[in-house]
Amino acid sequence: MDNLWTNDVLRVREMETSATEIWKQAVARLDSKLDRHNFETWIVPIKPLGIDGNSFRLGVPSRFFANWLQEHHAPVLRETLKEITGTDFELNFSVIATEEPPPEIISQTEVAAPRRTANGTYLNPKYTFQSFVVGSSNQFAHAAAKAVAENPAHSYNPLFIYGGVGLGKTHIMQAIGNHVLATKPDLRVCYVSAEKFMNEMIYAIQHGSTIAFRNKYRGIDVLLIDDIQFLAGKDSTQEEFFHTFNSLYDARKQIVLTSDRAPKEIPTLEERLVSRFEWGLVTDIQPPDFETRVAILKKKTEEEKISIPDEVFHM
């Protein structure tokens, strides 16, 4: 009896070792088959567990993760395993526990007590409407942003502001957040970059905390997302943001987005998102003219308490 038990243990260990070696080869091939985003999000977290006959067992962080793999990546996984082994495996996903603690940004305590102040929203207190220099290049965007800040979800929703780097998009977006927090402290404001939104989503999927993630972003009053063009080519993040957008919009919550280009010019952005981004107001910020540039420089010197003669600005 002891010998039989020992043999069973040895067979299990052999299957686990075999699965690990096969999976290492599969990962190397999948790295070249999938784009970097999909590979790191959906392949890297998978752990090989063993082989049971015609079934290749894989460990994943959550049931949502397993369902997504079955729906979107199962064919390429099976194809790759067959290339290596000659066997057309069935995939068997098992949810395995993670040892990492959840990050503060999606902790259960935050979901239970949504933010009602600037704490944790990462707003720069210097970015206000008072410190924003208005000129012909940004006048309309400034007026629209102020209207949104004074009456969220009534004037322009969503508000989409686009323009080149360094023209003040982030300043004006955070000015909206600071104004809302100062004048309507009962409203919940969240400012986040599109990249950070994606990273939080990936963590939530990998650690089985998608409900907390969704509660966080769908339970706020003013959502400010910077550099939304970062979602280009990231299908799963676009899918999640699509539902977040719908949830907030249907609940009459304010959405503000910035980008380096207009919605229709963002490559590989789903048409349904392009359409929704254009539901409200799309406005741009142009490079400042000479007078506005001088005004900006003067404003900066005043803030830094630097004394510079006027003639220097016009040299």
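Tabulated values for the structure
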{"item": "Single condition GLN206 does not satisfy, out of (1) surrounded by 19 or more Cβ atoms within 10 Å (Cβ to Cβ); (2) farther than 23 Å from HIS73 by Cα", "result": "(2)"}
{"item": "Any chance GLU71 is of a type in the set (Asp, Glu), without any contact (Cβ under 8 Å) to a residue 12 or more places away in the chain and more than 19 Å from LYS234 (Cα to Cα)", "result": "no"}
{"item": "Yes/no for LEU187 being within 30 Å of ILE46 (Cβ to Cβ) and either within 14 Å of the chain's Cα centre (by Cα) or surrounded by fewer than 20 Cβ atoms within 10 Å (Cβ to Cβ) (or both)", "result": "no"}
{"item": "Any hit, region 83-102, residues being surrounded by 13 or more Cβ atoms within 10 Å (Cβ to Cβ), assigned to a helix (DSSP H, G or I) and at pLDDT 85 or above", "result": "yes"}
{"item": "Output for region 22-79, where each listed residue is under 20 Å from the mean Cα position of the chain (by Cα), buried (at least 18 other Cβ atoms within 10 Å of the Cβ) and outside any helix (DSSP H, G or I)", "result": "PRO45, PRO61, SER62"}
{"item": "Residues that are touching a residue at least 60 places away in the same chain (Cβ under 8 Å) and either closer than 18 Å to VAL222 by Cα or not in a loop (DSSP other than H, G, I, E, B) (or both), drawn from region 130-144", "result": "PHE140, ALA141, ALA144"}
{"item": "Residue match in region 171-184 (condition: part of a loop (DSSP other than H, G, I, E, B) and either within 21 Å of PHE132 (Cβ to Cβ) or at pLDDT 90 or above (or both))", "result": "yes"}
{"item": "Criterion violated by ARG252 - all others in (1) of a type in the set (Lys, Arg); (2) within 18 Å of PHE160 (Cα to Cα); (3) in contact with a Ser or Thr (Cβ under 6 Å, 6 or more places away or on another chain) satisfied", "result": "(3)"}
{"item": "Residue match in region 232-247 (condition: in a strand (DSSP E or B) and in contact (Cβ under 8 Å) with a residue 40 or more places away in the chain)", "result": "no"}
{"item": "Contacts under 6 angstrom Cβ, first residue in region 20-39 being under 27 Å from GLN238 (Cα atoms), partner aromatic (Phe, Trp, Tyr), 6 or more apart", "result": "ASP31/PHE39"}
{"item": "Test for GLN229: is it within 27 Å of VAL133 (Cα to Cα), assigned to a helix (DSSP H, G or I) and in contact with a Lys or Arg (Cβ under 8 Å, 6 or more places away or on another chain)", "result": "yes"}
{"item": "Residue list for region 112-141, restricted to those being closer than 13 Å to CYS190 by Cα and at pLDDT below 80", "result": "PRO114, ARG115, ARG116, THR117, ALA118, ASN119, GLY120, THR121, TYR122"}
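The values are calculated or read from the model by the stated rules, or taken from the named source; none is laboratory data. This structure is a prediction, so every number in the text was calculated from the model and none was measured. Ideal geometry is used to build each Cβ from the backbone, glycine not excepted, and the neighbour counts take in all protein chains shown.
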